[in-house]
Amino acid sequence: MSDKINIPSIDNHHGDVFKLTHLLDEAIAKNSREAFGPIIEFLSIHCVNHFNEEEELMRTMNFPDLKSHEIEHQRFTNKIKQIKKMYDENLHTTHIAYGIRQLIDAMIFHVQHIDIKMKGLKNE
Ligand SMILES: [Fe+2]
Ligand SMILES: [Fe+2]
């Protein structure tokens with residue numbers, strides 16, 4: 001099954017989320033707090049921007065159930081803020097790694113089951 005929607009900018013962003021799985025594995029293997037920094041920065045900046053860009057695009061496509069989609073994006077954004085807070089407050093990396101893993105798994109599921117519905121929809 002292809003995860004591609006055939007909108008290059010969105011597909012690139014989603015590809016980056018899949019890559020985060022490996023970055024997270026590497027950070028855990030390094031077992032250093034600093035290794036999680038770039039992942040958290042990526043989530044805080046690029047993922048949050050992606051949600052906005054995607055919602056903007058979906059509005060032009062009459063994407064079905066956009067409201068619940070936005071709510072799910074908001075849930076991810078809240079989770080990202082929570083993880084960043086844990087990191088800033090110096091919580092044990094085990095908790096941070098676990099939080100990031102859950103988030104990435106949920107975002108990958110989201111891409112494969114919900115964002116994928118953009119495929120075939122046209123801009124109006
Ligand atoms: Fe997305
Ligand atoms: Fe989405």
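The values are calculated or read from the model by the stated rules, or taken from the named source; none is laboratory data. For clarity, every value in this text was computed on a predicted model and none was experimentally measured. All Cβ positions, even for glycine, are placed from backbone atoms using ideal geometry, and neighbour counts span all protein chains on display. Note: areas computed on protein heavy atoms with side chains; ligands, DNA, RNA excluded. Shrake-Rupley method; radii C 1.70, N 1.55, O 1.52, S 1.80 Å.
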#### Entry: Per residue value of the accessible surface for the chain (all protein chains in place, 1.4 Å probe), Å²
59 Å²
### Task
Compute the normalised compactness of the chain: alpha-carbon radius of gyration over 2.2 N^0.38 Å, N being the residue count.
1.10
### Summary
Carbon plus sulfur, as percent of the 1.4 Å-probe accessible area of the chain, comes to 55 percent
### Message
With +1 assigned to the C-beta of every Lys and Arg and -1 to the C-beta of every Asp and Glu, and no other charges, what is the dipole magnitude of the chain about the Cα centre in debye, to the nearest 20?
### Response
200 debye
### Query
Once both axes come from the Cα atoms, what is the angle between helix 48-61 and the longest principal axis of the chain, in degrees from 0 to 90, rounded to 10?
10 degrees
### Task
Working from Cα positions, state the angle (0 to 90°, nearest 10) between the long axis of helix 93-113 and the longest principal axis of the chain.
10 degrees
### Message
Quick check on segment 1-66: what does the Kirkwood estimate of hydrodynamic radius come out to from the alpha carbon pairs, in Å?
### Response
13.5 Å
### Computed lengthening from residue 48 to residue 90, 0.36 nm per intervening residue step minus Cα-Cα distance
12.9 nm
### Cα-Cα over 28 Å, subset of 4/67; 4/30; 81/119
4/30; 81/119
### Task
Give, in whole angstrom and from largest to smallest, the semi-axes √(5λ) of the equivalent ellipsoid of segment 40-91, with λ running over the eigenvalues of the Cα gyration tensor.
26, 11, 4
### Query
So what's the back-of-envelope 222 nm ellipticity for the chain, counting only DSSP H runs of four-plus at -39500 (n - 2.57) apiece and dividing by all residues, rounded to 500?
-23500 deg cm²/dmol
